[in-house]
Amino acid sequence: MKSNSCSTPFATIAPFYDKLMSFVNYPSWVAYIEKIIQMSSVKDKSILDLACGTGVCLELWSKNGYRVIGLDRSLPMLEVCREKIAAHDGALLINGDIRNFKLGFEMPIITCLYDSLNYLLTEGELLSCFRRVHDALRSDGLFIFDMNTIHSLRDEWGNNSFQRRDEGLFSVWTNKYDSMQNISSLNITLHVRRNGQEIVLKEFHQERGYELSVIGELLNDAGFNFSLYRHLTFTPATELDLRIMGVARK
Ligand SMILES: C[S@@+](CC[C@H](N)C(=O)[O-])C[C@H]1O[C@@H](n2cnc3c(N)ncnc32)[C@H](O)[C@@H]1O
């Protein structure tokens, strides 16, 4: 058995990411977001997906007639994304950082999904991202995002280790929660077969949970009007939810 040392987040798992996420019902996420868009004044079908990863949602929106732009800082994730959306005319991918990106043009809709904002580990970084999003939106634009709550990172992930098998891919997820900083440190170990040999791949990730009041203050500081909902519902979010959705209007 061969083993590599821990790589930077998403560098090693990028080719396996879609398998690891095969349990996620992305079409229901996209349908929910489309409902929010349809209820708003935004009629222009153009979406910038921040931290787009391998582009599962970009592809779904493309198929639904949206012009899509994806931005992510991980080149290996963008590489998988590029292959996926190659067939979709007009799709644009940007290698950038959600904390300091500048587009040079305005978008009607910006999304940031599946824990991506939890990867920002300080309030300053989260505020910086919200400000960049505000700058990049046109005046009636929408910013739609999800976040894991403190409850999820502290009580679900906690100091637990989970073994998973996703479409035949065996992985171990070992979490350690720092309650002073509300940061979950996660070691992901993948067992893959290459040329008849088992290879062990490792990555280290960190996600931070934020109190809902803090998320609200930062959205306010960035200039947004907003609502926070329990994930995929229109029920107001509480600290007891595992995942929340934010719908922010410029
Ligand atoms: C859990 S994945 C989610 C990917 C995708 N949004 C999805 O729904 O499957 C988190 C993504 O956030 C990206 N990411 C994390 N921090 C980032 C940053 N500061 N700037 C840009 N991308 C970032 C990672 O590279 C990764 O692709």
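The values are calculated or read from the model by the stated rules, or taken from the named source; none is laboratory data. Quick caveat: nothing in here was measured; it's all calculated off a predicted structure. Note that each Cβ is placed from the backbone with ideal geometry, even for glycine, and that neighbours are counted across all protein chains shown.
So the values come out like this:
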{"item": "The range 141-161: number of residues that are assigned to a strand (DSSP E or B) and within 23 Å of HIS231 (Cα to Cα)", "result": "8"}
{"item": "Residues that are out of contact with any Lys or Arg (no Cβ under 8 Å at 6 or more places or on another chain) and in a strand (DSSP E or B), drawn from the range 173-185", "result": "THR174, ASN175, LYS176, ASP178"}
{"item": "Residue under evaluation ASN187, criteria (1) outside the structural domain of CYS57 (by TED's automatic domain parsing); (2) surrounded by fewer than 17 Cβ atoms within 10 Å (Cβ to Cβ); (3) over 19 Å from the mean Cα position of the chain (by Cα); (4) over 24 Å from LEU127 (Cα atoms), criterion not met", "result": "(3)"}
{"item": "Restricting the range 223-241 to residues that are farther than 21 Å from LEU127 by Cβ and aliphatic (A, V, I, L, M), the residue that is surrounded by the most Cβ atoms within 10 Å (Cβ to Cβ)", "result": "LEU232"}
{"item": "Test for CYS52: is it in a loop (DSSP other than H, G, I, E, B) and of a type outside the set (S, T, N, Q)", "result": "yes"}
{"item": "Qualifying residue in the range 40-56 (condition: in contact (Cβ under 8 Å) with a residue 40 or more places away in the chain, more than 9 Å from the ligand (Cβ to nearest atom) and of a type in the set (Val, Ile, Thr))", "result": "yes"}
{"item": "Residue that is farthest from the ligand (Cβ to nearest atom) [pool: residues in the range 101-133 that are in a loop (DSSP other than H, G, I, E, B) and of a type in the set (A, V, I, L, M)]", "result": "LEU103"}
{"item": "Scope the range 190-216; condition without any contact (Cβ under 8 Å) to a residue 40 or more places away in the chain, under 18 Å from LEU120 (Cβ atoms) and surrounded by fewer than 17 Cβ atoms within 10 Å (Cβ to Cβ); matching residues", "result": "SER213"}
{"item": "First in the range 104-125 and in the same structural domain as THR54 (by TED's automatic domain parsing), second anywhere and basic (Lys, Arg) and more than 12 Å from the ligand (Cβ to nearest atom), Cβ under 6 Å, 6 or more apart", "result": "GLU106/ARG138; PRO108/ARG138"}
{"item": "SER22 away from the ligand (no atom under 15 Å from the Cβ), hydroxyl-bearing (Ser, Thr, Tyr) and part of a loop (DSSP other than H, G, I, E, B)", "result": "no"}
{"item": "Checking ASN182 against (1) outside the structural domain of LEU113 (by TED's automatic domain parsing); (2) closer than 16 Å to CYS129 by Cα, the condition it does not meet", "result": "(2)"}
{"item": "Which numbered condition ILE244 fails, given (1) in a strand (DSSP E or B); (2) exposed (fewer than 14 other Cβ atoms within 10 Å of the Cβ)", "result": "(2)"}
{"item": "Filter pass, SER152 being at pLDDT 95 or above and either loosely packed, with under 15 Cβ neighbours inside 10 Å or over 25 Å from ASP49 (Cβ atoms) (or both)", "result": "no"}
{"item": "Identity of the residue in the range 62-97, within 19 Å of VAL24 (Cα to Cα) and within 12 Å of the ligand (Cβ to nearest atom), that ends up nearest to the chain's Cα centre (by Cα)", "result": "MET77"}
{"item": "Counted residues, the range 25-39 - those being touching a residue at least 40 places away in the same chain (Cβ under 8 Å) and either crowded, with 16+ Cβ neighbours inside 10 Å or not assigned by TED's automatic domain parsing to the domain that holds GLY55 (or both)", "result": "5"}
